[in-house]
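Student: Below are the structure tokens for one structure; questions will follow.
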Amino acid sequence: LKFTTRGLTRITRHPLILPVVPWGFATAYLAGGRLCDYLFFGGLAMYAMAGCFAQDLRVSREEGSVGTVFQTESRRTVGGEEEERTRLRLFFEETSFIPFKAVVDGKQSVDDIVKEFPWIQLLAGTVLGVIIEQRVLQLLGEWSV
């Protein structure tokens, strides 16, 4: 597992799932802003937040995390599981659920984020995302008439 705080995990410990939240509400607005749009896309956003919260809850209860299964006493390797728990605990202490909270709390540096941020991928993904989103919304508009 990746327990090193680097790149996007300096912003939030859930860099793949948490961006669904603003995407969901923005898409609901762009799709027409009707109640059904907000229920569907907003529901996806809430589902993403609940999933991230559930992952954090599992770790705080020491039940493991996604991709980790803490072993029973009989299967425990010498120091292996304890080391994994320690690394996971430290990762959670260095990062935050809420984007940029670790920066505000002084646990992460803005300079490190700027240096490690995937700027080219962000630009390419944004351009491609806008093109795909416009085309999909155009198709949905044509199908609804």
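Student: If you go through segment 5-40 one residue at a time, how many are in contact (Cβ under 8 Å) with a residue 12 or more places away in the chain, farther than 20 Å from G51 by Cα and outside any helix (DSSP H, G or I)?
Tutor: 3
Student: Would you tally the residues in segment 110-145 being outside any helix (DSSP H, G or I) and either under 21 Å from the mean Cα position of the chain (by Cα) or not hydrophobic (A, V, I, L, M, F, W, C) (or both)?
Tutor: 2
Student: So in segment 1-28, with the set limited to residues that are among the basic types (K, R) and more than 8 Å from the chain's Cα centre (by Cα), which one is modelled with the lowest pLDDT?
Tutor: So the residue we want is K2.
Student: Moving on. Of all the residues that make up segment 100-116, how many are at negative phi and exposed (fewer than 12 other Cβ atoms within 10 Å of the Cβ)?
Tutor: Qualifying residue count for the region: 6.
Student: Being among the aliphatic types (A, V, I, L, M), free of Cβ contacts under 8 Å to residues at least 60 places away in the same chain and within 25 Å of A28 (Cα to Cα), is that true of even one residue in segment 89-109?
Tutor: No, because not a single residue in segment 89-109 is among the aliphatic types (A, V, I, L, M), free of Cβ contacts under 8 Å to residues at least 60 places away in the same chain and within 25 Å of A28 (Cα to Cα).
Student: Looking only at segment 35-93, which residues are at pLDDT 60 or above, more than 16 Å from the chain's Cα centre (by Cα) and among the hydroxyl-bearing types (S, T, Y)?
Tutor: Of everything in segment 35-93, those that are at pLDDT 60 or above, more than 16 Å from the chain's Cα centre (by Cα) and among the hydroxyl-bearing types (S, T, Y) turn out to be Y38, S60, T86.
The values are calculated or read from the model by the stated rules, or taken from the named source; none is laboratory data. Keep in mind that what you see is a predicted model, and the values were worked out from it rather than measured. Here Cβ is always computed from backbone atoms with ideal geometry, including for glycine, and neighbour counts include all displayed protein chains.
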